[in-house]
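Contents: one structure, followed by commentary.
The values are calculated or read from the model by the stated rules, or taken from the named source; none is laboratory data. Note that the structure is predicted; figures quoted are calculated from it, not measured. Ideal geometry is used to build each Cβ from the backbone, glycine not excepted, and the neighbour counts take in all protein chains shown.
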Amino acid sequence: MRHKFLMVFISIFMTVTGISGCAAEAPSQGTEISMPICTPESPLVNIYRVTPQSWTNSIFEFAFPPIPTPIPPALPPPVNEQQLVLARYAALQQLLTEAQRWSDSKTIKTDDNTREVRITLTFISPELLQAVYLNEVLRDRFLTFGFQDQLQGVLNGVAERNELLFLLTVTATNNNLYSTRHTIRIPIQEMVMHNAEKITIVHSHNDHNLEQVIDTSSVPVFGYLGYPLSLVSADQCRWILDPKYNTNIVITVPFLEVDSTNKKTSYFWTIPYAPLIDLNLPPDLPNFNMPAGFDTNLMAPLATPPSDTKQPNYWQDFASFIWGQVTLGNR
C-alpha cells in the first residue's frame, strides 16, 4: 500500500505538471528565443535531489514514535490520536510557512475598480513539496514507518523532470455586487525568468489553460510552469539559479491585457531564493501548540484557491490549495 501510494503521488504530480506533455509552443513575436537545454555535471544543480529536511522527520515521529520494524504479518502499532492531531497541526503550520515563503503576488485593478485580479506565483520548492507530502501522509495514515525513505523517493521522482516548477494562480475579487464582467489575458509564452547573469529563460512546459482569456466572473484559473535548470550559454552549460550569484528568483511578463486592452506595463514576481550570507542557523522547531478550539476540519487539501485576501485564514487556505493541487486530493 505504501509503495502504491508513493508511485501514485509521483505519477499524479508529474502528470499534472505536464511531464507527459509536449514542449512549450514556439514563443510569440517579441519573445526571446530559448537557448538549448543542457544537463550539467554538478548534481547540485538539481535542487530537488536533496536530503529531506529534519523537521519532516521530527513531526512524523511525533505522530508515530519509532519502533522496531514490524515483521509481517504483525499489525501496525496503535496510534495516539492526540499526538497525531498535534502533529497534523504542526505539519499544516509548516505548509503555511513554506507557501508564504515561496510565493509572490501582484494585484491588477479594472478601470472601474469593481474587480481586483490577484496573480500569485509560487515556487514549488523542495521544502514546499516536503510539507505537502508530510501533510498527506499524516492525514491518510497510510505510513507508520519508513517515512524518510518514502519522502526521498518522492523528491527523486520530481527531480527527474530536471525543471524548476512554479504554480501560477489567478483569482478575482468582486468589490461591487453589481460589477460588470471583465477579462484578463496573461501572455504566458512571454512569461520569462531572468537570472543574475542576465540570461533570459523561457519556460519549457506550461499548462495550456493559462493561455486562455480569463473571465473575472468565472472560477479561478491555475496551472504549472516549468523552467529548465540549465541552458547552454557561451558554449557552456550554465546553472540558471546558482545560489552563489542569484539571491532572488525573478519572473516577468511584458504586459497584461485587461478587457482586450494592453496595459503596457511590465510586471515582476520576485521570490527570495538564497541569502547572501548563510548563517547556517538551525531550523525553527515544529509548532505543536494547537490553539484551543482549532477546527481540525481545516487540516485538509482544498480544490480551489481563496479569493478574499482580507480573510484571516487566507494563507492557510492558500497553502491547503497548494496541497490539493500537488496531490489532486490523492485521486
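Worth a mention:
- Of the set (1) under 23 Å from the mean Cα position of the chain (by Cα); (2) buried (at least 17 other Cβ atoms within 10 Å of the Cβ), all apply to Thr183 but (1).
- Restricting attention to the stretch 197-210, the residues being surrounded by 15 or more Cβ atoms within 10 Å (Cβ to Cβ) and among the charged types (D, E, K, R) number 1.
- Residues of the stretch 220-266 satisfying the condition of being surrounded by 14 or more Cβ atoms within 10 Å (Cβ to Cβ), small (Gly, Ala, Ser) and farther than 18 Å from Arg161 by Cα: Ser233
- The residues listed here are Asn209, Asn195; of these, the one that is within 22 Å of Leu328 (Cα to Cα), free of Cβ contacts under 8 Å to residues at least 60 places away in the same chain and among the polar types (S, T, N, Q) is Asn209.
- Residues in the stretch 275-294 that are at pLDDT 90 or above and either touching a Phe, Trp or Tyr at 6+ places or on another chain (Cβ under 9 Å) or under 20 Å from Ile59 (Cβ atoms) (or both): Leu285, Pro286, Asn287, Phe288, Asn289, Met290, Pro291, Phe294.
- Within the stretch 308-326, tally of residues that are charged (D, E, K, R) and touching a residue at least 40 places away in the same chain (Cβ under 8 Å): 1
- Count of residues meeting criterion [on the phi > 0 side of the Ramachandran plot and touching a strand residue (DSSP E or B) at 6+ places or on another chain (Cβ under 7 Å)] in the stretch 82-138: 0
- Verdict on His194 being closer than 30 Å to Ala303 by Cα and either over 17 Å from the mean Cα position of the chain (by Cα) or surrounded by 15 or more Cβ atoms within 10 Å (Cβ to Cβ) (or both): no
- Selection status of Phe255, part of a loop (DSSP other than H, G, I, E, B) and in contact with a strand residue (DSSP E or B) (Cβ under 6 Å, 6 or more places away or on another chain): yes
- Qualifying position, being at pLDDT below 95, in contact with a strand residue (DSSP E or B) (Cβ under 8 Å, 6 or more places away or on another chain), part of a strand (DSSP E or B) and not aromatic (Phe, Trp, Tyr), among Val232, Val250: Val232
- Qualifying residues in the stretch 164-173 (those that are over 15 Å from Phe321 (Cβ atoms) and modelled with pLDDT of 95 or more) - the one nearest to the chain's Cα centre (by Cα): Leu165
- When the stretch 79-134 is filtered for residues that are under 25 Å from Ala172 (Cβ atoms), among the hydrophobic types (A, V, I, L, M, F, W, C), surrounded by fewer than 21 Cβ atoms within 10 Å (Cβ to Cβ) and at pLDDT below 95, only Ile108 remains.
- Between Lys263, Lys244, the distinction of being out of contact with any helix residue (DSSP H, G or I) (no Cβ under 6 Å at 6 or more places or on another chain) and under 30 Å from His182 (Cα atoms) belongs to Lys263 only.
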